[in-house]
Amino acid sequence: MSAQDRYPVARPCLSDLEERYLVDAYRSGWISSQGPYLRKFEEQFAARCGATAAVATGNGTVAIHLVLAAAGIGPGDEVIVPALTYIATANAVTYCGARPVFVDVSPDTWCIDVEQVAASVGPRTRAVVAVDLYGHPADYPALRALCEQHGLLLVADAAESFGALLDGRPTGDLADATTFSFFGNKVITAGEGGCVTTSDSGLADRMRLLRNQGMDPRRRYFFPVVGFNYRLTNLAAALLCAQLERADEIISRREGVIATYERDLSNPPLLSPQPVGPGVRRAPWMASFLVGPAGTEGLRDELARTLDLLGVETRPFFVPIPHLPPYADAGGDHPVSADLAQRGINLPTYAELSDVDLKIIVDRVRNALSGINYCR
């Protein structure tokens, strides 16, 4: 890719291999929710993640719902989730009729605060959903010990962390079940799509049953339970098989993009990079920075507006879920989430950014920063 006037915040990395596999799936006639690419993808994805099973789904949101439903979570139950995440994490809990209980995130990792999780466990708590925010794995050893102590299901929402490692172990093998998203802006993508990995064979079987409308796998068109249509197509799986083959290449280039930004732009308190905990290799989903010192308001938005005029698209961090109308009655105090939400910004992050492109973006960011008054 050559230098250009405008840079989007994300774009997929596609090659001739994706086209070849997609055309092959199309010509085979297997374009719906069965086919060889589906089987191949589930096998290869489970192996990549260090899990014994992978259950492909239509998207990452239904992947979370499928896990919770398969675990029997329903009305009257509570599920602990971080206050700072994409709303899908909480919505999946709500789909079950359960109540999401929001806790703050840690300033050291931006992931769910384990001490606050421990303080929030109550008699109705059935599960904890940890989110690997902006590609950084949560503290799964501590969370697993806590969940085992209380008999809770531990779910990892790894929508943003494909490719991450924690003490050498890959995302997908750190919780009882791990959910992934393959939306168009993710590290690997099929445009849409999701998956659940687990080493719990009973849970995997239950998810497969529910994923296919609840149809008995040994008796066609007999439905012992109410299920869902959460299947992935063979066409999408063909794209994902190609993306998996190229995953190391894609991850390496995206890591280089983020490393360049952090080398050339990290200048606290102007821009502070995402913190990375010990033993963590984060997934290079999006280059993430905080704008201005803690407690600063308005500077991130001013920077984003200026960069937009200069041809650089950015994203703000997620709005804390308890600040959104559907969950405004949840209550609780989440100061770290609130601060990150008002200062966090994502810069363009995709594999096809060339060194020339990165230099242009860095220069535009520096130009934008030079016009902002931080003495507020």
| Considering the range 57-98 alone, what residues qualify as being within 18 Å of residue 206 (Cα to Cα), in contact with a His (Cβ under 9 Å, 6 or more places away or on another chain) and part of a helix (DSSP H, G or I)? | 92, 93, 95
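For the range 246-260, name all the residues that are touching a residue at least 40 places away in the same chain (Cβ under 8 Å) and open to solvent by 60 Å² or more (accessible area, probe 1.4 Å).
Residues satisfying the conditions are 249, 253.
Return the residues of the range 356-376 that are touching a residue at least 24 places away in the same chain (Cβ under 8 Å) and either of a type in the set (D, E, K, R) or loosely packed, with under 14 Cβ neighbours inside 10 Å (or both); say none if nothing qualifies.
Across the range 356-376, the qualifying residues are 356, 357, 364, 366, 367, 371, 374, 376.
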| request: Any residue in the range 339-355 that's within 23 Å of residue 269 (Cβ to Cβ): show its pairings with residues that are charged (D, E, K, R) and part of a loop (DSSP other than H, G, I, E, B) at Cβ separation under 6 Å, as long as the two are six or more apart or on different chains. | output: 342/297
| Under the condition of being of a type in the set (A, V, I, L, M) and surrounded by 24 or more Cβ atoms within 10 Å (Cβ to Cβ), which residue from the range 131-142 is nearest to residue 286 (Cα to Cα)? | 133
| task | Please specify each residue of the range 261-299 satisfying the condition of being open to solvent by less than 40 Å² (accessible area, probe 1.4 Å), over 30 Å from residue 142 (Cα atoms) and in contact with a Gly (Cβ under 7 Å, 6 or more places away or on another chain). | result | 299
| Residue in the range 14-29 that is basic (Lys, Arg), touching a Gly at 6+ places or on another chain (Cβ under 8 Å), touching a residue at least 24 places away in the same chain (Cβ under 8 Å) and assigned to a helix (DSSP H, G or I) present | no
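The values are calculated or read from the model by the stated rules, or taken from the named source; none is laboratory data. What you are looking at is a predicted structure, and each value in this text was computed from that prediction instead of being measured. Every residue, glycine as well, gets a Cβ built from its backbone with ideal geometry; the counts of neighbours run over all protein chains shown. Each accessible area value is taken on the protein alone, full model and side chains, heavy atoms only, with ligands, DNA and RNA left out. Shrake-Rupley method; radii C 1.70, N 1.55, O 1.52, S 1.80 Å.
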